[in-house]
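Worksheet: one structure, shown below.
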Amino acid sequence: MITPRFNLSQDENCLFVTIHAPFSKVSDAEIFMDGTDFRFHSNPYYVRLNLPGEIIENDAAKAHFDADTNEFKITCPKVVRGTHFQGLDMLTSLLEPKGKRSVDSKGIEVLDETCSEEDSSESDFDWFLDQKIVEESNSPSNGAKYGFGLKHSGLFATLAEELHQVVDVKNPDNQSASDRRIERLEQEKREFNPEHYLADFFQTDMIDPVIEYKPSSRIGEEWTEAETSLLKSFNNKEYLLDHDQLQSTYLGLVDILLAYCYDMRTTMSDPSVESAWAIAKISGTLSWLEIFTSIRQVVDCFLRRSLCFPLFRNFKLSIKAIEDASNILKEGRTSVLRCFLQIYQLFNKSDPRYLLNQLYIRDYCIWIQKSNDETLASLSQSLKSMDLTKEDVTLNLVDLERAAINLMCNSDDSSDESDLEEQMAHLSLKKKSAPSAMPTDLQVAAEAARMSSPSESDLDSDDDSSAEESD
C-alpha cells in the first residue's frame with residue numbers, strides 16, 4: 001500500500017485532514033475515526049494516524065473528494081471543543097499506531113509512546129555548566145560509542161574507507177571522547193591559516209553582502225512534496241536517552257544547526273555543490289564525532305572551525321550565523337526540522353556523506369519531532385545571551401590583526417592612501433595569485449602570530465578539564 005501525501009489543520013471544533021490520492025477509486029474509500037485513531041483506505045492508498053487529541057465520528061463528520069486537486073477533504077469533530085492539537089505538522093510522529101514496539105540488535109525500540117520521560121528531565125538543563133562526557137564510562141577497549149544517542153560502535157572496522165572520507169577522526173573505535181577532542185583542537189590550530197584570515201579581514205567586498213543578507217522565514221508554510229515524502233519514509237521511534245545523553249543530543253543539534261546556518265548564509269540560501277562538505281566539515285559533531293557537554297564548547301568549536309576551513313573566514317560572519325541559529329531555535333521544532341531535512345537531502349546527494357545521515361541526521365529528523373519547544377527556546381536564549389569575543393577562539397586573532405595593521409601602516413610612512421589600499425588588495429586569496437604575492441610585511445605578521453600563538457596545552461580552556469577527566 002502507498003502512504004499518500006497528507007496534511008492536517010484545525011479550528012476550535014474540528015480537525016481537517018487533506019489527503020492527496022490521485023489514483024484512488026472514490027467509491028471504495030473507507031474512513032475511520034475514533035479517539036486518537038484515524039484511518040483512511042482507498043486502494044492503493046492507506047494511512048493510519050495516531051493523533052495528539054481525540055476525535056469522534058458524529059453528524060458533524062464529513063468528507064468529500066475534490067476532483068480538481070485529486071484530494072479527499074475530511075472533517076473530524078473534536079471530542080472536546082476548543083482543544084488545540086499540538087504537533088500536527090510532525091508527520092512522522094503521527095504515522096505509527098500507539099504503543100507499537102519492535103526489537104532490533106541494539107535492544108528494545110519503543111515506537112510512538114504518547115508520554116516521554118525526556119519531558120520531565122529537560123526543565124533542569126544548565127547549558128553553560130559542563131557535564132561529564134557521557135561516553136567516558138565506556139572504555140575504548142570495549143568499543144567507543146558515537147552517532148546519535150551514542151548508539152553506534154565498531155562501524156569503522158567495516159566501513160573504514162567510506163567513513164574516513166567524511167570524518168576527520170582517524171581511530172574513533174579505540175578513542176575516548178576526550179582524546180578525540182584533544183586531536184580536534186590540535187587539528188584546528190594546525191589548519192588555521194593566518195594569511196587567509198587576514199585576507200578576509202581586510203578584503204571584505206565579497207563578505208559584506210553575505211553578512212548583510214537576511215534569511216527569510218518559512219513559518220506557516222506547508223511542507224513541500226519532497227519534505228512530506230521524507231517525513232513519511234522515516235520510521236517513528238521513541239529514543240530512550242538518559243539526562244546526560246539528552247543534553248548532549250540537544251547540544252549536538254545546535255552544533256549541526258550552526259554549520260548549516262553558516263552555509264545557508266554564505267550561499268544566500270541557495271546551496272552549492274560544496275554545501276554538504278561545508279556543513280560536515282564545520283560541525284564538530286559530524287567531522288569529529290564530538291560529544292559536547294556545554295553550549296560554550298559548541299560555540300567555541302563552531303567559531304574555530306568556521307575560521308579554519310570554509311572559503312569565507314570572517315569573525316563577524318560567524319557571529320551572524322550564530323544569530324541565525326538562535327532565531328531558528330526560537331521559532332521551534334518545525335523550523336529546526338526543515339533545516340535538518342535539507343541537510344539530509346544534501347548528504348544523500350553527496351557520496352559518501354549519506355553515511356552521516358545514518359549516523360546522525362535521520363535520527364535527528366525523527367527525534368526533533370518529539371523535542372521540546374521550550375527547550376529549543378532556552379537554547380536560543382543561551383546563544384543570544386553569550387558575550388563572544390575574538391579572544392574566545394584562542395587562535396590569537398587580536399594579536400594577528402594588530403601586528404598586520406601596525407606593519408602595514410609603518411612599512412612606508414610616505415605611502416599615500418591609494419598605495420595602502422592597493423597593498424590591502426593583494427591580501428585577497430580569492431585571486432589565483434602565487435604565494436609570493438602576499439606582502440612581506442604580512443608574511444612577517446603571520447609568522448609573528450604563529451610564534452606567539454598559545455601552546456598546545458592552552459588550546460582551549462574546556463580541554464583542560466576534559467584531559468583531566470581522561471587521566
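Below is a table of values for the structure above.
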| quantity | calculated |
| --- | --- |
| Filter result (among the polar types (S, T, N, Q), part of a loop (DSSP other than H, G, I, E, B) and without any contact (Cβ under 8 Å) to a residue 60 or more places away in the chain) within the stretch 378-399 | 389, 396 |
| Positions within the stretch 292-322 being assigned to a helix (DSSP H, G or I) and either without any contact (Cβ under 8 Å) to a residue 60 or more places away in the chain or at positive phi (or both), in sequence order | 298, 302, 306, 318 |
| Filter pass, residue 162 being of a type in the set (Asp, Glu) and modelled with pLDDT of 55 or more | yes |
| Failed item, numbered, when residue 236 is tested on (1) surrounded by fewer than 18 Cβ atoms within 10 Å (Cβ to Cβ); (2) closer than 30 Å to residue 147 by Cα | (1) |
| Residues that are of a type outside the set (D, E, K, R) and over 20 Å from residue 183 (Cα atoms), drawn from the stretch 158-169 | 158, 159 |
| Unmet criterion (only one of (1) modelled with pLDDT of 55 or more; (2) not assigned by TED's automatic domain parsing to the domain that holds residue 246) for residue 431 | (1) |
| Failed item, numbered, when residue 57 is tested on (1) farther than 22 Å from residue 236 by Cα; (2) among the acidic types (Asp, Glu); (3) out of contact with any strand residue (DSSP E or B) (no Cβ under 6 Å at 6 or more places or on another chain) | (3) |
| Residue in the stretch 251-273 that is surrounded by the fewest Cβ atoms within 10 Å (Cβ to Cβ), counting only those that are among the charged types (D, E, K, R) and touching a residue at least 12 places away in the same chain (Cβ under 8 Å) | 265 |
| The stretch 148-159, residues that are part of a helix (DSSP H, G or I), on the phi < 0 side of the Ramachandran plot and surrounded by 13 or more Cβ atoms within 10 Å (Cβ to Cβ) | 148, 155, 156 |
| Answer from 371, 335 - the residue that is over 19 Å from residue 277 (Cβ atoms), surrounded by 22 or more Cβ atoms within 10 Å (Cβ to Cβ) and among the polar types (S, T, N, Q) | 371 |
| Some residue of the stretch 212-228 being assigned to a loop (DSSP other than H, G, I, E, B), β-branched (Val, Ile, Thr) and surrounded by fewer than 18 Cβ atoms within 10 Å (Cβ to Cβ) | yes |
| Positions within the stretch 38-97 being part of a strand (DSSP E or B) and of a type in the set (Lys, Arg), in sequence order | 39, 48, 62, 73, 78 |
| Count of the stretch 235-290 residues which are touching a Pro at 6+ places or on another chain (Cβ under 9 Å), under 23 Å from residue 154 (Cβ atoms) and part of a helix (DSSP H, G or I) | 1 |
| The listed residue being of a type in the set (Gly, Ala, Ser) and modelled with pLDDT of 95 or more, out of 436, 380, 457, 452 | 380 |
| Condition broken by residue 162, with the remaining ones in (1) closer than 26 Å to residue 323 by Cα; (2) surrounded by 13 or more Cβ atoms within 10 Å (Cβ to Cβ); (3) of a type in the set (D, E, K, R) satisfied | (1) |
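Rundown of residues vs (1) in contact (Cβ under 8 Å) with a residue 40 or more places away in the chain; (2) closer than 26 Å to residue 262 by Cα, yes/no style:
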residue	(1), (2)
175	no, no
194	yes, yes
198	yes, yes
202	yes, yes
216	yes, yes
241	yes, no
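For (1) charged (D, E, K, R); (2) within 27 Å of residue 394 (Cα to Cα); (3) in the same structural domain as residue 352 (by TED's automatic domain parsing), each residue gets a yes or a no:
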{"site": "151", "(1), (2), (3)": "yes, no, yes"}
{"site": "155", "(1), (2), (3)": "no, no, yes"}
{"site": "162", "(1), (2), (3)": "yes, no, yes"}
{"site": "173", "(1), (2), (3)": "yes, no, yes"}
{"site": "183", "(1), (2), (3)": "yes, yes, yes"}
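The values are calculated or read from the model by the stated rules, or taken from the named source; none is laboratory data. Please read these numbers as outputs of a predicted model, since none were measured by experiment. Because the Cβ atoms are built from the backbone with ideal geometry, glycine has one as well, and the counts that use them run over all protein chains shown.
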